[in-house]
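Before I ask anything, let me first share the structure, which is written out below as structure tokens.
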Amino acid sequence: MHKNCFLSKFYNYPVSRVIYEINIDKRLKRFLKIGDEVPSEGQIYEYLSRYSPDQYNNISNSFFKLFLKLNKNNKSEWIVDATPVACDINILKKYVSPEHLEKLNLDMGFSTTKGYYIGFKATVVLEKDSLCPISIIIHSGAKNDSKIFDEVLEELKRRRLLQKGQVILFDKGYYSMENYINAINKYNVVAVIFPKQYFTIEKLDARMSTTLDIFHDENTLENEKSLFLELTATLYEKLENWEELKPTRGLIEDFFKVCKDAFGLGEFHSYTESSMRRNIYLCILLSTLVIQQGFDTKTKLQQLAEGRIDLEPIKQRKSKKSTKSEETNENQEVGEKTEEQTTLKIKKEEQSTLVPFA
């Protein structure tokens, strides 16, 4: 049944359409190793509803660990960003009351790309080198990114994924002076949050200080001080050159583009919290499984988002205008020369031959 579910996600088809295609095509049955009895639509949905969204999250994290073990670069940077995911509810045609949303455990949100929508906000922590998610956090509605900052780091700390000195890139939406300081003092990581216009390192340095907890133990006091100075120096260095990190942060935008354009993450035909969360986890898991098959560069991610999974380079085709211009240039070069051109050419040749003897 999980094959039918992944097929519906992969081709962005409803489950009923997938079942119909399998029933009419024997080659597809042999490829999927499915017998004569194809499960019905109700059986597939019943199978998916057996597990809670948290269990789907644990299943996804177990797969992510396998891919992260293949990447032995411990100094790889992490990227954090969020994307809106809407339910298939048309709020323009039908008014949805807050009481009805509360019964469904849904919330109204707003984003610059979707406008007002009913759905969730999926926050993903992505590793730069392997392009594999490390953690997925889902919130109802559109919670402010600066408030999600502590929750993201706390989840990584709970799962024992944070390492001292880890560099994590955040968008401008997570900007806050307190977030810079808390990342170093509370989690011992460097949170490179892209600054806003009024930000200066002098302002941050004036507010940067250690907590009083480091003075409780004299044995670890020097180590804590040296670690604090090391992390702050790394943070200031990254913030001075934060514009150079834009291409790196753009990788998660390409990752979300694959999830949305190729596998339909932007909107699901679901109306409950559990089904929406389940679809989000399965969609990101499927996107990761496909990306790990060799789509590890920016150009390949863009090809995958456009549906080109052949991994062949893009053929550059000459336009008709360029061919016509080349033909006209050739005709002009081959054309007969006038008397003035021939006389000028003869004078230049004579001049070039007589110069050495002058």
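Just the Cα atoms of region 201-293, one point each, no solvent: what log10 I(q)/I(0) does Debye give at q = 0.13, 0.14, 0.22 Å⁻¹?
Log-scaled intensity ratios, in q order: -0.75, -0.76, -1.05.
Modelling each spin label as a point 7 Å along the Cα-to-Cβ direction, I'd like the S16/L212 distance in nm, to one decimal.
6.6
Right, something else. For W242, what is the net charge nearby, where nearby means another residue's Cβ is under 13 Å from its Cβ and Lys, Arg count +1, Asp, Glu -1?
Taking every other residue near W242 into account, the sum is -1.
Which cross-chain or sequence-distant (5 or more) residues have an amide H under 5 Å from the amide H of C132, H modelled 1.01 Å from N in plane?
It is E127, by chain and number.
Hey, could you get me the Stokes-Einstein D for region 177-222, Kirkwood radius over alpha-carbon pairs, 10 °C and 1.306 mPa s, rounded to whole µm² s⁻¹?
132
Highest first, please rank the peptides 49-61, 264-276 by the mean number of other Cβ atoms sitting within 10 Å of their residues.
264-276, 49-61
Just to confirm my numbers, what's the Cα centroid distance between region 178-244 and region 20-55 in Å?
52
Could you check the simple spin-label distance between N223 and Y236, using points 7 Å along Cα→Cβ, in nm with one decimal?
Using points 7 Å along Cα→Cβ, the separation is 2.5 nm.
Between E267 and D129, what length comes free when the chain is fully extended (0.36 nm per residue of separation minus the Cα-Cα distance, one decimal in nm)?
46.9 nm
Among K128/K225; K172/K300; K75/K300; K29/K128, which pairs are too far apart, with a Cα-Cα distance over 32 Å?
Listed pairs above 32 Å: K29/K128.
Two decimals is fine: what is log10 I(q)/I(0) at q = 0.12, 0.17, 0.23 Å⁻¹ for region 76-181, from a Debye sum with one equal scatterer on every Cα and no solvent?
Scattering profile of region 76-181, log10 relative to I(0): -0.48, -0.84, -1.25.
Another question, if that's okay. Can you compute the FRET efficiency between N90 and E41 using 1/(1 + (r/R0)^6), with r the Cβ-Cβ distance and R0 = 22 Å? Round to the nearest 0.05.
For N90 and E41, the calculated efficiency is 0.40.
Efficiency by 1/(1 + (r/R0)^6): what FRET value for T113 and K75, r their Cβ-Cβ distance, R0 = 25 Å, to the nearest 0.05?
Efficiency, rounded to the nearest 0.05: 0.15.
Suppose a student asked you for the relative contact order of region 1-50, using Cα pairs under 8 Å spaced at least 6 residues apart; what percent would you report?
Computed over region 1-50, the figure is 38 percent.
Could you tell me the extents of region 156-199's C-alpha atoms along the three principal axes, largest first, rounded to whole Å?
Principal axes ranked by extent give 34, 17, 15 Å for the Cα atoms.
OK, next. Give me the percent of Cα-Cα pairs in region 53-305 that sit more than 24 Å apart, rounded to a whole number.
In whole percent, the share of Cα-Cα pairs in region 53-305 beyond 24 Å is 51.
Considering the options S135, G165, T210, tell which one lies farthest towards the positive end of the dipole of region 53-305, charges being +1 on Lys and Arg and -1 on Asp and Glu at the Cβ, about the Cα centre.
Value: S135.
At a Förster distance of 25 Å, what's the computed FRET efficiency of K65 paired with K147, Cβ-Cβ distance as r, to 0.05?
0.35
Give, as a single signed number, the net charge of other residues whose beta carbon lies under 12 Å from the beta carbon of P195, with Lys and Arg counted +1 and Asp and Glu -1.
+1
Each reported figure results from applying straightforward, stated rules to the coordinates on display, with no laboratory input. Everything numeric here is computed off the predicted structure, so don't read it as measured data. Glycine gets a Cβ as well: all are built from the backbone with ideal geometry, and neighbour counts include every protein chain shown.
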